[in-house]
Amino acid sequence: MPDEIRAVRQRAPTAEEEALHRWFEEQAKDPPRPLEEGARQIIGLVSALYSVIFGILALADTPLPAYLTWLPVRVLGAVVVLSYMVALLAALLVVVPGAYRYAAASQTQREQAFRRLMQRKLIGLRVALAAFGTGSVAFAGLFLIVLWG
């Protein structure tokens, strides 16, 4: 047993630390909405555009439309389908909740958990936007080739 007991001084939390504390308290009820709303928009757009792209590619028709034998249509069609799939998966990663462990009394661990959460969502949304943009450019090219071909 120690011979002497020392008092530990604690400082009052700063305004920034208090704001972060309140933010964590609210996160159990309401996760980072703007990032997730953006991801949900991408999910909705990709879902709608998949029906359009598969309508253009008309894979079920017999005989197949002549434009499906053109190499640019096949390549752009594959790029669109794969890009939109990457966008959909990345956007879903933004929306799906993740588990972050931190000590409730540790401001440092809270800040690290907050940074990991935001980094995961930002990276997922950026990947989704890049893939969606790539797929949309390829989709526009595919549509123009089929339209003018």
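Rg(Cα) of the stretch 49-106 divided by 2.2 N^0.38 Å?
Dividing the Cα radius of gyration by 2.2 N^0.38 Å gives 1.90.
Quick check of the Kirkwood formula: for the stretch 91-149, what is the inverse mean of 1/r over all pairs of different Cα atoms, in Å?
Taking the inverse mean of 1/r over all distinct Cα pairs, the stretch 91-149 comes out at 14.1 Å.
Roughly how many Å² is the accessible area per residue of the chain, as a whole number, for a 1.4 Å probe?
Accessible area per residue, the chain: 69 Å².
Which length gain, in nm to one decimal place, applies between R40 and L144 when the Cα-Cα distance is subtracted from 0.36 nm times their residue separation?
The span from R40 to L144 would gain 34.7 nm if fully extended.
Take E18 and Y50, extend 7 Å from each Cα along the Cα→Cβ direction, and tell me the distance between the two endpoints in nm.
So the label points at E18 and Y50 sit 4.8 nm apart.
Could you work out how much longer the chain between L122 and A103 gets when fully extended? Use 0.36 nm per residue separation minus the Cα distance between them, nm to one decimal.
4.5 nm
Give the carbon-plus-sulfur fraction of the accessible surface of the chain in %, rounded to a whole number; probe 1.4 Å, heavy atoms of protein chains only.
64 percent
If you build the convex hull over the alpha carbons only and average its shadow over all orientations, what do you get for the chain? Give it in nm² to one decimal.
So the mean shadow area of the Cα hull is 13.8 nm².
How much length, in nm to one decimal, is gained on full extension between Q10 and L129, taken as 0.36 nm per residue of separation minus their Cα-Cα distance?
Roughly 38.3 nm would be gained on extension.
If packing is taken as the mean number of other Cβ atoms within 10 Å per residue, what is the order of 111-118, 132-139, highest first?
132-139, 111-118
The values are calculated or read from the model by the stated rules, or taken from the named source; none is laboratory data. None of the values given here were measured: they were computed from a predicted structure. Quick reminder, even Gly has a Cβ in these numbers, built from the backbone with ideal geometry, and neighbours come from all protein chains shown. Side chains are part of the model used for accessible areas, which takes the heavy atoms of the whole protein and leaves out ligands, DNA and RNA. Shrake-Rupley method; radii C 1.70, N 1.55, O 1.52, S 1.80 Å.
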